[in-house]
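Structure first, commentary second.
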Amino acid sequence: MNKIERLIDQLELLEYLLESRLHDEQDKFEENFSKSSFHLLAKIEKIENKL
């Protein structure tokens, strides 16, 4: 039973670490997406102003 409990604990830790990593990656993606969006909007405004 002790081995099973340790395995469960390890799996729970792995799940936590994977979820944490996923959230970090999602935060990075959202930040980069936001920066890219503002950059593209600025370019569009420049093009519109030239027209």
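The values are calculated or read from the model by the stated rules, or taken from the named source; none is laboratory data. Quantities reported herein were computed from a predicted structural model and do not represent experimental measurements. Please note: Cβ atoms are built from the backbone with ideal geometry, for glycine as well, and neighbour counts cover all protein chains shown. Note: accessible area is taken over every heavy atom of the protein model, side chains too, but ligands, DNA and RNA are not part of it. Shrake-Rupley method; radii C 1.70, N 1.55, O 1.52, S 1.80 Å.
Within the chain, the proportion of C-alpha pairs whose separation exceeds 18 Å stands at 61%.
Under 30 Å of direct C-alpha separation, and excluding same-chain neighbours fewer than eight residues apart, LYS28 reaches these lysines: LYS43, LYS46. Computed about the Cα centre, the dipole magnitude for the chain is approximately 420 debye when only Lys and Arg (+1) and Asp and Glu (-1) carry charge, each at its Cβ. Angle of helix 2-50 to the longest C-alpha principal axis of the chain, folded into 0 to 90 degrees and rounded to 10: 0°. On a per residue basis, the chain carries 105 Å² of accessible surface, using protein heavy atoms and a 1.4 Å probe.
Summarise the accessible area of the chain (1.4 Å probe, protein heavy atoms) by the percent that is carbon and sulfur. Using a 1.4 Å probe with all protein chains present, the chain comes out at 60 percent carbon and sulfur. Only helical runs count toward this figure. For the chain, summing -39,500 (n - 2.57) over DSSP H runs of n ≥ 4 and dividing by all residues gives -36000 deg cm²/dmol at 222 nm.
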